[in-house]
Amino acid sequence: MPDCLFCRIAAGAIPADIVHADDEFVAFRDISPRAPVHVLVIPRRHIPSPADLADVEADLAGRLLVTAARVAREAGLDAAGYRWVLNCGPDGGQTVPHLHLHVLGGRALGWPPG
Ligand code: 5GP
Ligand code: ZN
C-alpha cells in the first residue's frame with residue numbers, strides 16, 4: 001500500500017465514516033466538513049490527482065462521476081442541488097495527493113470560489 005492517507009482509508013487501516021464502498025470506489029465524510037453534507041469519493045486505485053486522469057481509461061472517470069451522483073442522491077441532495085469539486089495541485093488547493101471528488105450540499109454554496 002502506498003504511504004497515502006486515502007489509500008489507508010480505502011483499505012480500512014484508518015477509520016472513516018464510510019457512506020459507500022464497492023470494488024472500485026469508497027465514499028466517506030470529510031473530517032472537516034465545509035457544508036452539512038461533505039463527502040469525498042475516491043478510487044481505491046492510487047491516482048494522485050485529477051491531472052493523472054489524463055493517463056487512465058475514460059471509463060474509470062465516468063464511473064467516478066456515476067458513483068458521486070449516487071452518493072449525492074442517497075444523501076438526499078438531488079432536489080436542492082449540490083456541488084462537485086476536484087481540486088488539482090497547489091493552485092487548485094489540493095492537500096491530499098490521492099484523487100478525491102468532493103460532494104458538497106445541504107446549504108446554498110457561494111460562487112465563484114475564492
Ligand atoms: P483537498 O484540499 O485535497 O481537495 O481535500 C482534502 C480533504 O480531505 C479536506 O477537505 C480534508 O478536510 C479532508 N481530510 C484530510 N484528512 C482527512 C482524514 O483523515 N479523514 C477524512 N475523512 N478527511 C480528511
Ligand atoms: Zn493513495
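Any read-out appearing in this document is the output of simple, stated calculations on the displayed coordinates, not a laboratory observation. Just so you know, these numbers come straight off a predicted model, no measurement behind them. Quick reminder, even Gly has a Cβ in these numbers, built from the backbone with ideal geometry, and neighbours come from all protein chains shown.
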* Structure fact -> Measuring from the longest principal axis of the C-alpha atoms of the chain, the long axis of helix 58-74 (C-alpha) lies at a number of degrees, nearest 10, equal to 40
* To do: Using a Förster distance of 25 angstrom, determine the FRET efficiency expected from the C-beta separation of Asp78 and Glu24, and round it to 0.05.
  => 0.65
* Between Arg107 and Leu5, 0.36 nm times their residue separation minus their Cα-Cα distance comes to what? -> 33.9 nm
* Asked: Once you put a point 7 Å from the Cα of His46 and another 7 Å from the Cα of Arg34, both along the Cβ direction, what distance in nm separates them?
  -> 2.6
* Structure fact -> Given unit charges at Cβ for Lys, Arg (+) and Asp, Glu (-), the dipole magnitude of segment 5-105 about its Cα centre in debye, nearest 20, is 280
* **trypsin sites (Lys or Arg not before Pro) within segment 62-114, DSSP loop, no more than 15 other Cβ atoms inside 10 Å** => Arg107
* So what is the relative contact order for segment 5-105, in percent, with contacts set as C-alpha pairs under 8 Å and at least six apart? -> 32
